[in-house]
Amino acid sequence: MIEPRGRGPTLAKDINRRTIYNVIKQKRSTSRIELAKMLKLNKNTVNTIVDELIHAGFVQDIGQKKTTSAGRKPTIIEFQAKNKWTLGVHLSSSVIHFAVTDLYAQPLEKFSIPIEQPTPETVVFTIKSALDRITNTYSQDHCIGIGIGIPGLINKNRTHVIQSSHLDWMDVPIIQELQNEIQMDYILLDNSVKLATLGEMWYGMGHGVSNFIYCNFGNGVGCGLISDNKLIRGETNAAGELGHVIIDSHGPKCICGNYGCLETIVGLPYIFERLSKKAAVPIENITMDWIVDQIAANNDLVQSDLEQVGNAIGHSLSQIINLLNPKMIICDGPLMKAASFLFPIIERKINSDSVSLLAKEMKLERSQLYPMAGCIGAAALMIESWEDEVNPNDLITV
Ligand SMILES: [Zn+2]
């Protein structure tokens, strides 16, 4: 939302400044003449605002365009995405992923720090240490804030974690706890699967795709839904509980209280437990790498179990395809280490269980960002919010 500072010329200039910033960023490079034509603005107005944005470091003059036609060649101006940076953080039960990104959410640096216990104290300490190290390289004055992804339910105002079974957290005001320790005005919180979906939209397979579904298959199963370039959040920010779509009402009991949810068939703890019993292998020896090796060695037991997994995923995805008509479904998470075995099964099931016209238009893809989609998306959330909320006047005074 643009916060009008006044009326008349000041407000008009604020609106023009925001529009020009957005267009230069979106086009990456353009010229003052092109901007004036495209936005139907007076050349002097464009010149004044572009000069201000150059002075503030968001835009740079990069010289004249090579053209074959006669006449004055326009000077090209280019968006400077590294003028500001943000830190995206993704918490899980055993590791915290970090991405320092530019204003396109393009990572300048990515790293992961293992943690023993994901207590709020450990998390705050680890983020503080990471930030201390990062600000040796990147000036804190140019940081717009931090985005944080949490595997769990966040309150509607996105200030605290209501419940996270993966972290074993209940009612944790994590933003306040972080702000007690670090000097940062802007810290945003969101569900990590929703953030991974934003990560794919800004910097992954979903870039430029208006309608897509992101699915994460790990200990739990969740999905993010992008419809007409917008993330569907739902009334209580809880849309996307793909893991609790019931596949077999006579199946195992799920943590949600129902029976036979998708998660009880394709969640890693359930797969590991089934395979441990079927193959008489101690559960601690079963990992995704073990499963991939067994598939390659044509282990029938493992292959038939994973076939059941692929069919359950394909069936549940076909329901979303029928409802939302996506162009693409992006599969991410540790289970996708077995993607080359699972994908043909999932695709076959999608083709048999969804409306054929919709299935034909849909492409199944594996994420290229694993395991960083969540922290890149956390950075994207921060950028999106900063660009929405910062007063256009701040674009040139900061
Ligand atoms: Zn469930």
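The values are calculated or read from the model by the stated rules, or taken from the named source; none is laboratory data. These numbers were taken from a predicted model, which means no experiment stands behind them. Glycine also receives a Cβ, built like all others from the backbone with ideal geometry; neighbour counts cover every protein chain displayed. Heads up: the accessible areas ignore ligands, DNA and RNA and are worked out on the full protein's heavy atoms, side chains in. Shrake-Rupley method; radii C 1.70, N 1.55, O 1.52, S 1.80 Å.
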Out of (1) surrounded by fewer than 17 Cβ atoms within 10 Å (Cβ to Cβ); (2) closer than 27 Å to residue 361 by Cβ, the odd one out for residue 311 is which? (1)
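Residue-by-condition table, conditions (1) within 17 Å of residue 183 (Cα to Cα); (2) of a type in the set (Val, Ile, Thr); (3) not in a helix (DSSP H, G or I):
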site	(1), (2), (3)
113	no, yes, yes
118	no, no, yes
122	no, yes, no
125	yes, no, no
133	yes, no, no
146	yes, yes, yes
What tally of residues in region 217-238 results from selecting those that are open to solvent by 30 Å² or more (accessible area, probe 1.4 Å) and either within 15 Å of the ligand (Cβ to nearest atom) or without any contact (Cβ under 8 Å) to a residue 60 or more places away in the chain (or both)? 10
When you go through 92, 112 one by one, which is the residue that is of a type in the set (S, T, N, Q) and at pLDDT below 95? 92
Tally up the residues in region 239-264 that are small (Gly, Ala, Ser) and either open to solvent by 70 Å² or more (accessible area, probe 1.4 Å) or within 20 Å of residue 308 (Cβ to Cβ) (or both), please. 4
Among the residues of region 207-216, the number that are within 16 Å of the ligand (Cβ to nearest atom) and either polar (S, T, N, Q) or farther than 18 Å from residue 316 by Cβ (or both) is 1
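Yes/no matrix, rows are residues, columns are (1) free of Cβ contacts under 8 Å to residues at least 24 places away in the same chain; (2) open to solvent by less than 10 Å² (accessible area, probe 1.4 Å):
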{"residue": "356", "(1), (2)": "yes, no"}
{"residue": "366", "(1), (2)": "no, no"}
{"residue": "371", "(1), (2)": "no, no"}
{"residue": "375", "(1), (2)": "no, yes"}
{"residue": "393", "(1), (2)": "no, no"}
Any hit, region 134-143, residues being open to solvent by less than 10 Å² (accessible area, probe 1.4 Å), touching a Gly at 6+ places or on another chain (Cβ under 7 Å) and modelled with pLDDT of 95 or more: no
Restricting the search to region 89-111, which residues are surrounded by fewer than 17 Cβ atoms within 10 Å (Cβ to Cβ) and in a strand (DSSP E or B)? 95, 108, 109, 110, 111
Residue 214 is checked against (1) open to solvent by less than 20 Å² (accessible area, probe 1.4 Å); (2) in contact with a Phe, Trp or Tyr (Cβ under 9 Å, 6 or more places away or on another chain); (3) of a type in the set (Ser, Thr, Tyr) and fails just one. What number does that condition carry? (2)
Kindly indicate whether any position in region 327-337 is open to solvent by less than 10 Å² (accessible area, probe 1.4 Å) and part of a helix (DSSP H, G or I). yes
Going residue by residue through region 369-388, is there one that turns out to be among the polar types (S, T, N, Q) and more than 30 Å from residue 48 (Cβ to Cβ)? no
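For region 282-294, check the following and say yes or no: at least one residue is open to solvent by 30 Å² or more (accessible area, probe 1.4 Å) and assigned to a loop (DSSP other than H, G, I, E, B). Talk me through it step by step, then tell me what you get.
From region 282-294, those open to solvent by 30 Å² or more (accessible area, probe 1.4 Å) are 282-285, 287, 289-290, 292-294; that's our starting set.
After this cut, where a residue has to be assigned to a loop (DSSP other than H, G, I, E, B) as well, the list is 282, 287.
Yes, the conditions are met somewhere in region 282-294.
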Under 6 Å between Cβ atoms, at least 6 apart or on separate chains: pull out the pairs that start in region 303-322 with a residue that is under 14 Å from residue 245 (Cβ atoms) and end on any residue that is open to solvent by 40 Å² or more (accessible area, probe 1.4 Å). 311/349; 312/247; 314/349; 315/349; 315/353; 316/245; 318/353; 322/355
Are any residues in region 249-275 more than 9 Å from the ligand (Cβ to nearest atom) and part of a loop (DSSP other than H, G, I, E, B), and if so, which ones? 249, 250, 251, 252, 267
What pairs come up if the first residue lies in region 249-276 and is over 17 Å from residue 215 (Cβ atoms), the second is of a type in the set (Ser, Thr, Tyr) and more than 10 Å from the ligand (Cβ to nearest atom), and their beta carbons are under 7 Å apart, counting only those six or more places apart or on different chains? 252/270; 255/165; 259/249; 260/249
Exactly one of (1) part of a loop (DSSP other than H, G, I, E, B); (2) more than 28 Å from the chain's Cα centre (by Cα); (3) among the hydroxyl-bearing types (Ser, Thr, Tyr) is unmet by residue 370. Its number? (2)
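Among the residues of region 144-161, count how many are surrounded by 14 or more Cβ atoms within 10 Å (Cβ to Cβ) and farther than 18 Å from residue 382 by Cβ.
Quick first cut of region 144-161, residues surrounded by 14 or more Cβ atoms within 10 Å (Cβ to Cβ) only: 144-155, 158-161.
Pick out the ones that are also farther than 18 Å from residue 382 by Cβ and you get 151-153, 155.
Counting residues in region 144-161 that are surrounded by 14 or more Cβ atoms within 10 Å (Cβ to Cβ) and farther than 18 Å from residue 382 by Cβ gives 4.
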